[in-house]
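The structure appears below as structure tokens.
The values are calculated or read from the model by the stated rules, or taken from the named source; none is laboratory data. These figures come from a predicted structure and were not determined experimentally. FYI the Cβ positions are ideal-geometry reconstructions off the backbone, even for glycines, and counts take in every protein chain you see.
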Amino acid sequence: MDTQKEQTDMTAQVKQALQDIRPALQNDGGDVEFVSMESDGKVMVRLVGSCAGCPMSQMTLKHGIERYLKEKIGPHIVVESET
């Protein structure tokens, strides 16, 4: 499989995984938006709503979103928030 196809497939998996966890964030008045994904597995997201200003947003990002993506897609995934 070529690299661009792998990247496209992985991006689709990330977007689907984010859709899976959005309801939990929305229940608390927040949300997450996909921004971009780099070839090394770095995923950029934007936390919005109550998540954007929440003091627990880093915990949500690393222990919630990143952990879920690592389980669903692979251990190389790193999630960072675009400000």
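Within region 30-63, the set of residues being assigned to a strand (DSSP E or B), over 13 Å from the mean Cα position of the chain (by Cα) and either of a type in the set (Phe, Trp, Tyr) or over 13 Å from residue 81 (Cβ atoms) (or both) comprises 49 only. Beta carbons closer than 6 Å, at least 6 apart along the sequence or on distinct chains, pair a first residue in region 42-59 that is closer than 10 Å to residue 28 by Cβ with a second that is in a loop (DSSP other than H, G, I, E, B) for 49/29; 50/29.
If I filter region 19-32 for residues that are modelled with pLDDT under 95, surrounded by 13 or more Cβ atoms within 10 Å (Cβ to Cβ), among the small types (Gly, Ala, Ser) and in contact with a helix residue (DSSP H, G or I) (Cβ under 6 Å, 6 or more places away or on another chain), do I get at least one hit? Scanning region 19-32 turns up no residue that is modelled with pLDDT under 95, surrounded by 13 or more Cβ atoms within 10 Å (Cβ to Cβ), among the small types (Gly, Ala, Ser) and in contact with a helix residue (DSSP H, G or I) (Cβ under 6 Å, 6 or more places away or on another chain). Quick one: would you say residue 14 is assigned to a strand (DSSP E or B) and either modelled with pLDDT under 95 or among the hydrophobic types (A, V, I, L, M, F, W, C) (or both)? So residue 14 does not fit the description; no. When region 34-55 is limited to residues that are surrounded by 13 or more Cβ atoms within 10 Å (Cβ to Cβ) and not aliphatic (A, V, I, L, M), the one that is nearest to residue 74 (Cα to Cα) turns out to be 41.
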